[in-house]
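Beneath this line is the structure, given in structure tokens, with notes to follow.
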Amino acid sequence: MTIIRQYSLPNCKLILHGLSSPTDNTSETRPRLSLLMNAECHFVGYPQPIVGGKEFFECLLQQVNQYAQEFLSGVSHPPSAKTAAEVPMVELRRLDSNLHRLIVRNTPFDGDSQMKTDPTSPVELDLTTVQLFDLVEAVDQFLADSGTLPELSLQLKAIPKRYTKPEQSVAQRAIPAAVGVSGLAIAAIALFALPVPELRRPLEPNPQESTETQSLSETERRPSAGQSPPQGVNTDPDGENLTVGEPGATIPLQPNLVSPPSIDDPQEIERLQQQLFAQVNQAWVTPISRTLTYRVTVASDGTIIDYEAVDDVTPEEEATIPLSELRFQQVGSDPAEPQADMMVIFNHPGGLLEVRPWQD
């Protein structure tokens, strides 16, 4: 029974006719094609296909793979001594960037025990780049099909590096080195022409000038009669001037602690009282073992700035109230921000919360 394998692409179709080998497993769902009878290659635009036997098909595989590599890489394969001496049955030539000529030559065949040659001329087909790569894809599909001619494969090998073309010529690659050597030589000549700098020892100060300068400084520091001492200098009872830092000198201190203004408006205090009660009552969920009283300081926007316990409180009791979580962690304090103190009572038993203005 003849087995047919077909690999179809939009612009090319490869059809193989063959038989299975007697040693193949006949129980397989898809029978294996082991013996090739003929191969057909159809192209869109050409009504007649290209037909050949096993030798034609093997040459087609080799030439298509080699030409595709040369076309994509731009590196030509070096001809071997064997291929240079004979003309291949299948050949691909590049006409321009989008046109490629496929040449198929007829080979001698065996008939009546004599070698005869078909007198017809070779078949030439001009393929576009799209048709060429559809043919490449059909060949790739065949090579990936393990059930068709499994013993047939391509022997691929890398091209020697000596056949690759450099991206730049030797002259272009030598330009940076020549420019670098020339620049180094010019810089060396320019530095050689510069004079050697002279080294001079630093001049030692004149002792007489130093004494005069010290006397002048002492004169300037002592105020004349009827003149008040300069700012930052105090006078002792004997009339001697004392600078800041000397024993007996008084330094004016600026106040660095300013008490923030307190909120006295009754309506504002009532608003802060309600706001503080709402946020503490919502956050207090852990029961306590005894009544705890705190003095809480709040800002004008209701933020808890600080708090302290009225009585001694253990760390375990401190952990049951939410004031540490509600306290605003600020860096420094604004002395101009108004504040108000509130008394917050966590009652036990009952778990009732009381918030009232702090009374000193």
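Listing for the model above:
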{"quantity": "Filter result for A249 (open to solvent by 50 Å² or more (accessible area, probe 1.4 Å), more than 12 Å from Q339 (Cβ to Cβ) and either of a type outside the set (D, E) or at pLDDT 90 or above (or both))", "calculated": "no"}
{"quantity": "Where V310 falls short, out of the listed (1) surrounded by 14 or more Cβ atoms within 10 Å (Cβ to Cβ); (2) aliphatic (A, V, I, L, M); (3) touching a Lys or Arg at 6+ places or on another chain (Cβ under 7 Å)", "calculated": "(1)"}
{"quantity": "Subset of segment 48-67 (residues that are touching a residue at least 24 places away in the same chain (Cβ under 8 Å) and among the aliphatic types (A, V, I, L, M))", "calculated": "I50, L60, L61, V64"}
{"quantity": "P197 part of a loop (DSSP other than H, G, I, E, B), modelled with pLDDT of 75 or more and open to solvent by less than 90 Å² (accessible area, probe 1.4 Å)", "calculated": "no"}
{"quantity": "Top-ranked residue of segment 57-88 - restricted to ones that are of a type in the set (A, V, I, L, M, F, W, C), more than 47 Å from the chain's Cα centre (by Cα) and modelled with pLDDT of 90 or more, ranked as surrounded by the most Cβ atoms within 10 Å (Cβ to Cβ)", "calculated": "F57"}
{"quantity": "S76 vs. criteria in a loop (DSSP other than H, G, I, E, B), polar (S, T, N, Q) and within 20 Å of R93 (Cα to Cα)", "calculated": "yes"}
{"quantity": "In segment 127-136, residue nearest to G18 (Cα to Cα) [restricted to those that are surrounded by 15 or more Cβ atoms within 10 Å (Cβ to Cβ) and under 38 Å from the mean Cα position of the chain (by Cα)]", "calculated": "V136"}
{"quantity": "Long-range neighbours under 7 Å by Cβ, at least six apart or interchain, first residue within 14 Å of Q62 (Cα to Cα) within segment 136-151, second open to solvent by less than 70 Å² (accessible area, probe 1.4 Å) and aromatic (F, W, Y)", "calculated": "A138/Y7; F142/Y7"}
{"quantity": "Residue in segment 283-290 that is open to solvent by 90 Å² or more (accessible area, probe 1.4 Å) and under 14 Å from W358 (Cα atoms) present", "calculated": "no"}
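Yes/no per residue for (1) under 27 Å from R94 (Cβ atoms); (2) surrounded by 12 or more Cβ atoms within 10 Å (Cβ to Cβ); (3) hydroxyl-bearing (S, T, Y); (4) out of contact with any strand residue (DSSP E or B) (no Cβ under 9 Å at 6 or more places or on another chain):
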residue: P10; (1), (2), (3), (4): yes, no, no, yes
residue: L14; (1), (2), (3), (4): yes, yes, no, no
residue: N25; (1), (2), (3), (4): no, no, no, yes
residue: R32; (1), (2), (3), (4): no, yes, no, no
residue: P47; (1), (2), (3), (4): yes, no, no, yes
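The values are calculated or read from the model by the stated rules, or taken from the named source; none is laboratory data. The structure presented is a predicted model; accordingly, all values stated were derived computationally and were not measured. FYI the Cβ positions are ideal-geometry reconstructions off the backbone, even for glycines, and counts take in every protein chain you see. Side chains are part of the model used for accessible areas, which takes the heavy atoms of the whole protein and leaves out ligands, DNA and RNA. Shrake-Rupley method; radii C 1.70, N 1.55, O 1.52, S 1.80 Å.
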